[in-house]
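In what follows, a single structure is set out as structure tokens and then discussed.
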Amino acid sequence: MTVTVERVVLATDGSAPAATAAAHALFLARVLDAPLHVVSATGVQPTHATETTGTEAVGPSASAAVEAEEAVGAVTRRALLAGVRLTSEVVGGPAATAVGRVVGDGDLLVLGRHGRSGPGRFLVGSVAERVLDAPPTPTLVVPSASPQPTYWRIALFADDAPSSGLAATLARRIAAATRGVLEPLAVVDERAVSTASPDTGWTLENEARARVNAVATAAARDAVESGGTVRTGVPASELLAHVDRTGADAVVLGVDGGDRTRRGGDRTAGTVAGRVVRHAGVPALVVPSAGDGEAIDLPERR
């Protein structure tokens, strides 16, 4: 089975952070030659009449429906100017429910995030909480203060989780489309090293170097320039520092919701993703595992 990115799906509520996310969604749809699907939710779950009560069906308020339509319309106008193929829909119910119904296999979901000075909640609420645990599809979370998208330098977390290969493939393809540079990072968890024998510590470091070398080798096949860094420390902290050191304008990492234990006492991939998504000043692309041996195929840029 092959996982393909067939659509970029943008969830929008018309706010300023959502407008920032829209810029990134439009950019990725263009460079990856994929259509953009825009969804906005009314925020009200419609209820239906029952035969026993005879009550009338209650739907979203007129103002909520109009706001959702306006949110979609604003992105539609931008897509037309950018020459991006677009479809859209307004759906009833909370945003979390709406996005859950809309996204499927082959979708790249894009969400906006409030700034770090705010409460740290995402525009689509509980959808983002699920992103940090077990996202159903690759999901890009865009901070409200993100600059205009370029994706010229992409930081990649090269760990040993099942999803890391898919994350590397997607990062590599985006870098190829933008003629960008890939900056993989492998981290030897200092908590594992502190309790390990010298031989085990040496093995962990060699495995980390092998992971970044594998990313660089695959990148070279796609004519993508790639660096490679190995650090010892706390994975999430090291990845955030790596983004700053390299000047990356995006970060990509895998997440495996079902993987609750990691060798050497490491934290789950979801914990790393949670910290990075909440605190990174650049868009964070979280890629779930799709099974052993699967790869992400993107359309060739035309």
Check the stretch 90-98 and report whether any residue there is out of contact with any Leu (no Cβ under 7 Å at 6 or more places or on another chain), crowded, with 18+ Cβ neighbours inside 10 Å, at pLDDT 90 or above and of a type outside the set (D, E, K, R).
yes
Given (1) part of a loop (DSSP other than H, G, I, E, B); (2) under 18 Å from A208 (Cα atoms); (3) at pLDDT 90 or above, number of the condition G281 does not satisfy:
(2)
Within the stretch 62-84, how many residues are in a loop (DSSP other than H, G, I, E, B) and within 21 Å of the chain's Cα centre (by Cα)?
1
Condition check: outside the structural domain of L140 (by TED's automatic domain parsing), touching a residue at least 40 places away in the same chain (Cβ under 8 Å), buried (at least 23 other Cβ atoms within 10 Å of the Cβ) and not in a helix (DSSP H, G or I). Does L156 satisfy that?
yes
Restricted to the stretch 190-234 and to residues being touching a Lys or Arg at 6+ places or on another chain (Cβ under 7 Å) and part of a helix (DSSP H, G or I), the residue surrounded by the most Cβ atoms within 10 Å (Cβ to Cβ) is A219
Out of P136, P162, report the one residue that is surrounded by fewer than 22 Cβ atoms within 10 Å (Cβ to Cβ), under 27 Å from T232 (Cα atoms) and modelled with pLDDT under 90.
P162
Could you please tell me which pairs satisfy a Cβ distance under 9 Å, a separation of 6+ or placement on different chains, a first residue in the stretch 23-35 that is assigned to a helix (DSSP H, G or I), and a second residue that is aromatic (F, W, Y)?
H24/Y151; F27/Y151; L28/Y151; V31/Y151
Does R179 count as charged (D, E, K, R), under 23 Å from the mean Cα position of the chain (by Cα) and surrounded by fewer than 19 Cβ atoms within 10 Å (Cβ to Cβ)?
yes
State yes or no: is V187 buried (at least 17 other Cβ atoms within 10 Å of the Cβ), in contact with an Asp or Glu (Cβ under 6 Å, 6 or more places away or on another chain), at pLDDT 95 or above and of a type in the set (A, V, I, L, M)?
yes
Residues being at pLDDT 75 or above and surrounded by 11 or more Cβ atoms within 10 Å (Cβ to Cβ) - total across the stretch 44-76:
13
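The values are calculated or read from the model by the stated rules, or taken from the named source; none is laboratory data. Keep in mind it's a predicted model, so treat the numbers as computed, not measured. Neighbour counts run over all protein chains shown; Cβ positions are idealised from the backbone, glycine included.
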